[in-house]
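K.L.:
Got a structure for you, written out below as structure tokens; questions coming shortly.
All of the numbers you see were taken from the coordinates with simple rules; none came from a lab. This one's a predicted model, so the numbers in the text were calculated from it and none came from an experiment. Cβ placement follows ideal geometry from the backbone for every residue including glycine, while neighbour counts extend to all protein chains displayed.
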Amino acid sequence: MLVMLFQNISRGFASWKRVKEVLCTEPELKDGSFAQDTKIHGMIEFRDVSFAYPGSGQAVLEHISLKVNSGETVAIMGATGCGKTSLVNLIPRFYDVASGSVLVDGVDVREYKQKALREKVAVALQKSELFNVTIQENIAWGKEGAAEAEIRAAAAAAQADGFISAGTDGYDTLVAERGMSLSGGQKQRISIARAVLRQAEILIFDDAASALDLKTEANLYEALQEFCPQCTKIIVAQRIASVRRADRIIVMDQGRILLQAPMRSFLKPAGSTRISAILKWERRWRMPDKTSRIYQDICHSQMGEEVAYA
Ligand SMILES: Nc1ncnc2c1ncn2[C@@H]1O[C@H](COP(=O)(O)OP(=O)(O)OP(=O)(O)O)[C@@H](O)[C@H]1O
Ligand SMILES: [Mg+2]
């Protein structure tokens, strides 16, 4: 008995040392003091922002200037590793910029109290994090004391209500650790429901619907427009068809904004093919060769999917 007790004590001691290390770590981000209400709601501005991850000298974002107005839906596209996640992560201040500034509602994110800032921003991440509790609790994690009707409405907007209600335990179904008992698309829809539940001013989807088929994804964005029409939406996506209802498209390449333009300017005008519409649009915007090539590649490679759901 004594030997076993001794083992437990020494194991407990080692664990305590690790837990203490985490608890005593000084946060790198210094909290600001601004927590007042702002005059504007849902406006984001990047002013000549450059960024590198802490500990790595290599710039991931360079000279990004971008303004997103209240209520606007902006799509961000670009090759994998070009910095889309890094860009959107600066809005809720998961990291600090190396130079320049990020403003939310006209106030620098470094001036906000982190709690106040993050109340304004809801994020559905590229990789969804679910906990070993019921589906209802997983969704409600986004908002303390959420009513059941609210949770169901958010799940319906996220196109998750169908598969949740079809299960025998419905919203009380227990989710396995890290969502192992759910499919990729189901996990994503639960984390989308969690993000929309809060009805925050700014809604960020970082490739959050990538596992959904195009039809479900289209239904999702339509439902979302009804569920929170006023909120500013930033949608990182890989497929043009996903974001064709956005107001503006931003194409990124190697940490820079390659082009930004209103979405409607290349939507198919009557009587012409989509490709010629794109070419016309490009001539109008007089884009450099590289820009138009990358943009054309994206469009050409996705024409099939887009036509199917246009
Ligand atoms: N935590 C990190 N620490 C250091 N470097 C990172 C970190 N996260 C990403 N990077 C680097 O930053 C660059 C941009 O990554 P980011 O995740 O923003 O790309 P992305 O456009 O979101 O790609 P994807 O489409 O694959 O999600 C990459 O070169 C990546 O290696
Ligand atoms: Mg990413």
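K.L.:
Among the lysines, which have Cα under 20 Å from the Cα of LYS30 when same-chain residues fewer than 8 positions away are ignored?
P.N.:
Result set, ordered by chain and number: LYS113, LYS115, LYS120.
K.L.:
Convert each backbone phi in segment 28-38 into a coupling constant with the Karplus relation 6.51 cos²θ - 1.76 cosθ + 1.60 (shift: θ = phi - 60°), then list the ³J(HN,Hα) values in order as whole Hz, x for Gly and Pro.
P.N.:
With the stated coefficients, segment 28-38 comes to 6, 8, 7, 6, x, 10, 6, 9, 6, 6, 9 Hz.
K.L.:
Cut-off is 10 Å between beta-carbons; in what order do ASP207, ASP213 appear when sorted fewest neighbours first? Before the final figure, lay out each step's value.
P.N.:
On the way: ASP207 21, ASP213 11.
Result, fewest neighbours first: ASP213, ASP207.
K.L.:
Another question about this same structure. For a 25 Å ceiling on Cα separation, which of these pairs sit above it: LYS67/LYS215; LYS84/LYS127; LYS17/LYS143?
P.N.:
Values: LYS67/LYS215 30 Å; LYS84/LYS127 14 Å; LYS17/LYS143 33 Å.
In this structure, LYS67/LYS215; LYS17/LYS143 exceed 25 Å between Cα atoms.
K.L.:
Another question about this same structure. In debye, nearest 20: dipole of segment 44-267 around its Cα centre with unit charges on the Cβ of K, R (+) and D, E (-)?
P.N.:
400 debye
K.L.:
Residue by residue, what Karplus-based ³J(HN,Hα) values in Hz, rounded to whole numbers, does segment 154-164 have, using 6.51, -1.76 and 1.60 with θ = phi - 60° and x for Gly and Pro?
P.N.:
5, 5, 5, 4, 7, 6, 9, 4, x, 6, 5
K.L.:
Same structure, new question: Enumerate by residue number the GluC sites (Glu not before Pro) in segment 101-174 meeting two conditions: DSSP loop (anything except H, G, I, E, B), and at most 16 other Cβ atoms within 10 Å of the site's Cβ.
P.N.:
GLU111, GLU129, GLU144
K.L.:
If I take every Cα pair under 8 Å that is 6 or more residues apart in segment 134-209, average their sequence separation and divide by the length, what percent do I get for the relative contact order?
P.N.:
On the way: 75 pairs, mean separation 32.7, N = 76.
Computed over segment 134-209, the figure is 43 percent.
K.L.:
Going toward the positive end of the dipole of segment 34-168, with +1 on Lys and Arg Cβ and -1 on Asp and Glu Cβ, which of PHE34, VAL49, VAL88 do you reach last?
P.N.:
Of PHE34, VAL49, VAL88, it is VAL49.
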